[in-house]
Amino acid sequence: MISGVFVRWVVFWTAAMAAATLTTAAVVVPAQATAPAVSAPATDAQMCVSAVLSQMTPEQQVGQLFVMGVSSTGPTQAQLDSITAQHLGGVVLMGHTAAGVDPTRQVTNALQAQATSTAGVALWVSADQEGGYVQVLNGPGVSAIPTALSQGGMAPADLRSAAATWGAQLLSAGVNLNLAPVLDTVPASLGTGNIPIGYYDREYGYVPGAVTAHGTAFAAGMTDARVQTTGKHFPGLGRVIDNTDTTFGVADDVTTRGDPYLQPFAAAVAQGLPVVMISEARYTRIDGLRAVFSETVMQTMLRGDLGFSGVIMSDSMNAAAVSDLTPAQRAIKFLAAGGTVVLDGSSADIGLMVDAVLVQTSQDPGFAAQVQADAKTVLETKYQAGLVSCPDASGPIAQHYAALGGAASVLGLPIGAEYPVAGGRGRDYQSGSILWSARTGAYEVHGAIGAHYWALGGPAGFLGFPVTDETGTPDGVGRHNNFDGGAGGTIYWTPATGAWSVHGGILAHWGALGWERGPIGYPVSDETGSPDGVGRYNNFDGGIGGSIYWTPATGAWSIQGSIRAHWGALGWERGLMGYPVSDETGSPDGVGRYNNFSGLNGSSSIYWTPLTGAHDVLGAIRARWGALGWERSALGYPVTDEYDVTGGRRSDFQHGSIVWDSASNTTTVIYM
């Protein structure tokens, strides 16, 4: 089907967006982790990261290893100053806010504006956006996310779709790292007796298989929205009683190195999870240490057994569980044991931690080498989110610009520097832009197509990032770019029609009809919601006008010419006919054309011939006409719409009529 429908589409997208197939086996400890389905070429990332890392001072490298708590409604001046002075790699928004997307975006913009001393590396702006009781962002433009336990009742595919919507809201608010999903399994026998997770319904289910299926679906949806995710709290907080945030000495006396409850973490790592958060509980059957200070947990189990190569992040280091240590001791012990990034909800701790780590690097060459390796891991992970500004020679945008011809290309000279945008990066030129994300690579948009793309929201809109440069259409008339948003999208342009977008199911059906060389021609509208609030449609310029209408129940179907005009006269989708459920099709006698519709439980059609014009035929009358042989019966084609008569309804045909009696629910055929 793909080769026939999406002959011009980027085939890798189907594979990239396919959900991972997950096992429910008791123990999942893969010998080797699987890379994300689609990522930037390794050489691009390596060149860029190496170049940026080489430009960083030790202070800047250390700063990348810290994420500091800031107020979600407005950071203090001291917090803002600390971002710059400590060269911080990230922040976490603390405290629930009901301000909504736009005011939160003002906050996150102000935070990013302080990242001026990081060698061109933007901040991770993170938040706990799990759902239910743990949802920091709320208000206008932000959905009320159900608890994870409620999410566990959804089909994984539906959860992935919902999480993509929630992720898009986070990205619009300037949050690029979600501290979710929780991958801890709470046994049913413990349930709400588990204070950190079960009491707040933060688990996706009571068995590892359920947590695996739904936790990875949530993570995949966030990834679809270009928001990075954090699996927590390895190796699991589902079997403890007390909360490490508020209680010292929390211990897990059950979990082992090869435990079945590690399955959700293993599956998420195999799916490409970029960040794993480490628990601060003590695990007596592993090594007796707090996981956040355990080489066995972080290096042997997570790095070794699960093959995780991403960022290992601490749970908040201002928790009661680590209160026996100074902030400096907490940071050094965590990094020395194999951690990558220290998260601390208290901004007062950060300066003490950063200073201590800098002193330790100056005194311990082995520790200094580990810090540099950790900074490299952070940069590699941030690169995938478009948060690293590459030197021109090593950046994929610069490389693509050169490949297009540089200043002599259709784009002309650059205007300004690269900038982060919607989980990727962009750069503007005199006549267009080049956009890049790790998933799509770098491609240009320009001219009328570029203008329409930006009017629709650019990379942050439903189309996402381009996956082709502007290309001529096979008919030699138009131009188009393809994009990665949703189920795939495109913008087509001709001198006569202008530039319009088509995407998803409507795009697929238009392709099946032959694209612009098919019966309905080029688009002349963007996809638009139907007035009844159910369907979507695009209009096209072929013939005397055509459209493709789509609903979740009916799918996508085309309607055109006189049949479309008559359907419109009958009230479009809000009329008795409902939505089309077939394309316009030739009648078996070779004379007429027809569309079928969803109205009257699918028992409605409009038939057209050059002689009779377009008329509807419905319900019992349609059924009787069909039983007689449709247009090849003695009655021929309809010549009127169905109309009221005393006691029932009637349709007239070329050679007779069919009358329906409402009292007896019977039909009578009258021949002329």
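In whole percents, the pair-distance distribution calculated for the chain from its alpha-carbon pairs, binned every 20 Å from zero, is 17, 42, 26, 12, 2, 0.
Computed from the C-beta positions of S362 and Q430 and an R0 of 45 Å, the FRET efficiency is 0.40 to the nearest 0.05.
If you plug the beta carbon distance of D644 and A487 into 1/(1 + (r/R0)^6) with R0 = 41 Å, you get a FRET efficiency near 0.40. Over all projection directions, the Cα-based convex hull of region 454-494 averages an area of 2.9 nm². Taking each residue as 0.36 nm, the span from S143 to A634 lengthens on full extension beyond its C-alpha to C-alpha distance by 170.9 nm. When the trypsin sites (Lys or Arg not before Pro) in region 604-672 are filtered for DSSP coil states and for at most 12 other beta-carbon atoms within 10 Å of their beta-carbon, no site remains. The ellipsoid that matches the Cα gyration tensor of region 69-198 has semi-axes, each √(5λ) in whole angstrom, of 30, 16, 13, with the longest given first.
Modelled this way, with points 7 Å down the Cα-to-C-beta line, the labels at F248 and Q654 are 9.4 nm from one another. One compactness figure for region 258-392 is 1.07, namely its Cα radius of gyration divided by 2.2 N^0.38 Å.
Could you give the length gained by full extension between L413 and L600, i.e. 0.36 nm per residue of separation minus their alpha carbon distance, to one decimal place? Don't skip to the end; give the middle numbers.
Working: separation 187, 0.36 × 187 = 67.32 nm, distance 5.97 nm.
In short, 61.3 nm is gained.
Counting 0.36 nm for each residue step from S54 to S582 and taking away their Cα separation leaves a gain of 184.0 nm. Excluding the site residues themselves, the longest part of the chain lacking any chymotrypsin sites (Phe, Trp or Tyr not before Pro) in a DSSP loop with at most 13 other Cβ atoms within 10 Å is 249-672.
For region 328-405, the equivalent ellipsoid derived from the alpha-carbon gyration tensor has semi-axes of 33, 14, 10 Å in decreasing order.
The alpha carbons of region 227-277 occupy a box of 32, 26, 11 Å along the principal axes, longest dimension given first.
For region 154-289, just say rounded, prolate or oblate: build the C-alpha gyration tensor, square-root its eigenvalues into a ≥ b ≥ c, call rounded for a/c under 1.5, and beyond that prolate if a/b exceeds b/c, oblate if not. Don't skip to the end; give the middle numbers.
On the way: a/c = 1.86, a/b = 1.73, b/c = 1.07.
Since a/c reaches 1.5 and a/b is larger than b/c, the shape of region 154-289 is classed as prolate.
For a test of the definition: using alpha carbon positions, the gyration tensor, and the 1.5 limit on a/c, classify region 75-137 as rounded, prolate or oblate. Prolate, because a/c is 1.5 or more and a/b exceeds b/c. The magnitude of the dipole of the chain, with charges of +1 and -1 set on the Cβ of Lys/Arg and Asp/Glu and taken from the Cα centre, is near 680 debye. Positive contributions from Lys and Arg (+1) and negative ones from Asp and Glu (-1), summed over other residues with Cβ under 14 Å from the Cβ of G592, come out at -2. Where both bridge residues fall in the chain, DSSP classifies roughly 75% of the beta bridges as antiparallel. Each label was represented as a point 7 Å from its Cα along the Cα-to-Cβ direction; for S161 and T73 these points are 3.7 nm apart. For region 421-486, the square roots of the Cα gyration tensor eigenvalues, ordered a ≥ b ≥ c, give a/c of at least 1.5 with a/b greater than b/c, which places it in the prolate category. How far apart, in nm, are two points set 7 Å out from the Cα along the Cα-to-Cβ line at L352 and at A569? In this crude label model, L352 to A569 measures out at 8.2 nm.
Report the one residue of G288, S587, P495 whose Cα lies farthest in the direction of the positive end of the charge dipole of the chain (charges on C-beta: Lys and Arg +1, Asp and Glu -1; origin at the Cα centre). After comparing all options, I get S587.
Compared with the dominant principal axis of the Cα atoms in the chain, helix 156-172 is inclined by about 70°.
Based on alpha-carbon atoms only, what is the radius of gyration of region 595-672 relative to the globular estimate 2.2 N^0.38 Å? Don't jump to the answer; show the numbers that get you there.
Values: Rg = 11.5 Å, N = 78, 2.2 N^0.38 = 11.5 Å.
Cα Rg divided by the expected 2.2 N^0.38 Å: 1.00.
Dividing the Cα radius of gyration of region 388-507 by its Kirkwood radius returns 0.96 for Rg/Rh.
Return one whole number: the accessible area per residue of the chain in Å², for a 1.4 Å probe.
With the other protein chains kept in place, the chain gives 37 Å² per residue.
Helix 619-628: angle to the longest alpha-carbon principal axis of the chain, degrees 0 to 90, nearest 10? Compared with the principal axis, the helix lies near 60 degrees. All other residues whose Cβ lies under 14 angstrom from that of T440 are scored, Lys and Arg at +1 and Asp and Glu at -1, for a net of -2. Can you tell me what percent of all Cα-Cα pairs in region 455-576 are more than 18 Å apart? Roughly 50 percent, rounded to a whole number.
How much net charge surrounds V186 when only other residues with a Cβ under 15 Å from its Cβ are counted (Lys, Arg +1; Asp, Glu -1)? Intermediate results must be reported in sequence, preceding the final value.
Working: positive: R202, K232, R239; negative: E130, D184, D201, E203, D242, D252, D259.
Summing Lys/Arg as +1 and Asp/Glu as -1 gives -4.
Taking 18 Å as the cut-off, the amide N atoms of region 192-225 that come nearer than this to a point 7 Å along the Cα-to-beta-carbon line of I241 belong to 192-200. Calculate for the chain the 222 nm mean residue ellipticity that helices alone would give, adding -39,500 (n - 2.57) per DSSP H run of length 4 or more and normalising by residue count, nearest 500 deg cm²/dmol. After summing the helix terms and dividing by the residues of the chain, the value is -8500 deg cm²/dmol. About its Cα centre, the dipole of region 517-672 is roughly 220 debye, where the only charges are +1 on Lys and Arg Cβ and -1 on Asp and Glu Cβ.
Helix 347-363 versus the longest principal axis of the chain: what angle, 0 to 90°, nearest 10, using Cα atoms? Here the helix axis deviates by roughly 60 degrees.
The values are calculated or read from the model by the stated rules, or taken from the named source; none is laboratory data. Note that this is a predicted model, so its numbers are computed, not measured. Don't worry about glycine lacking a Cβ; one is built from the backbone with ideal geometry, like all the others, and counts go over all protein chains shown. Ligands, DNA and RNA are stripped out before the accessible areas are found, and what is left, the full protein with its side chains, is counted by its heavy atoms. Shrake-Rupley method; radii C 1.70, N 1.55, O 1.52, S 1.80 Å.
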